1. What are the ³J(HN,Hα) couplings of segment 64-69, residue after residue, when phi is run through the Karplus curve with 6.51, -1.76, 1.60 and θ = phi - 60°? Round to Hz, x for glycine and proline.
2. What residues have an amide H closer than 5 Å to that of Thr104, excluding those fewer than 5 places away on the same chain, when H is modeled at 1.01 Å from N in the peptide plane?
3. Kindly state, to the nearest 0.05, the FRET efficiency for Cys123 paired with Ser54, given R0 = 41 Å and r defined as their beta-carbon distance.
4. Given H placed on each backbone N at 1.01 Å, which residues far from Arg97 in sequence or on other chains put an amide H within less than 5 Å of it?
Amino acid sequence: MKHYRPALSWCPRLTNRHGAAFLLAIYVASLMLLLLGGVSLQRSTAEARASQVSRDLNQSFWITEATLDRVMIEFRAGTIQALMAAQPASANAATPRCVGGNVTDAQLSATTSQTSAGTYRVCETQEPALYTLEVLGQIGT
C-alpha cells in the first residue's frame, strides 16, 4: 500500500515532520525544568540565609544572657563596685563613673568556631543604690 503525499511534494523537507513535535515538546519540558530548578535553587539559598541569621541572633542572645549572668555574679561579689570606687570622680556631676569590659564565652566560640564575646558597661546613677547596665552579645565581627 502506497501512502498519499500532500501537494507540497516539490519540497521534501516540509513533508517529513515526524519528529518536529516531539523535539518541540522535549524543548518546552526541559525549559520548564530549568526554570523550576532555578526557582528551587533561589528559594533554598534564601532559606539557608534566613537560617544563618536566626542562628546568629539566637547565639548572640544567649551570649548576652551569659554576659549578664557573669556581670551579676561579679556585681554581687563586689568586684564591679571596687573597680568603680578606684576610679576618680569626674569634675562634671552629670557624668557618672562607669566600668566596662568583655566576657568571652570560650565554649560557644569552640562550638561555632567564631569569636563570640559579650560586652558590658555598668554606670552609677544619681541614686546611690541604682546602677545602669548595658549588655551586648556579638557573634563574629
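1. 4, 4, 5, 5, 4, 4
2. Here Gly118 satisfy the definition.
3. Efficiency, rounded to the nearest 0.05: 0.80.
4. Residues meeting the amide H criterion: Glu124.
Read the figures in this text as sums done on the coordinates, not as results from a lab. Predicted, not measured: the structure shown is a model, and the values here were computed from it. Methodologically, a virtual Cβ is constructed for each residue, glycine included, from the backbone with ideal geometry; neighbour enumeration extends over all protein chains shown.
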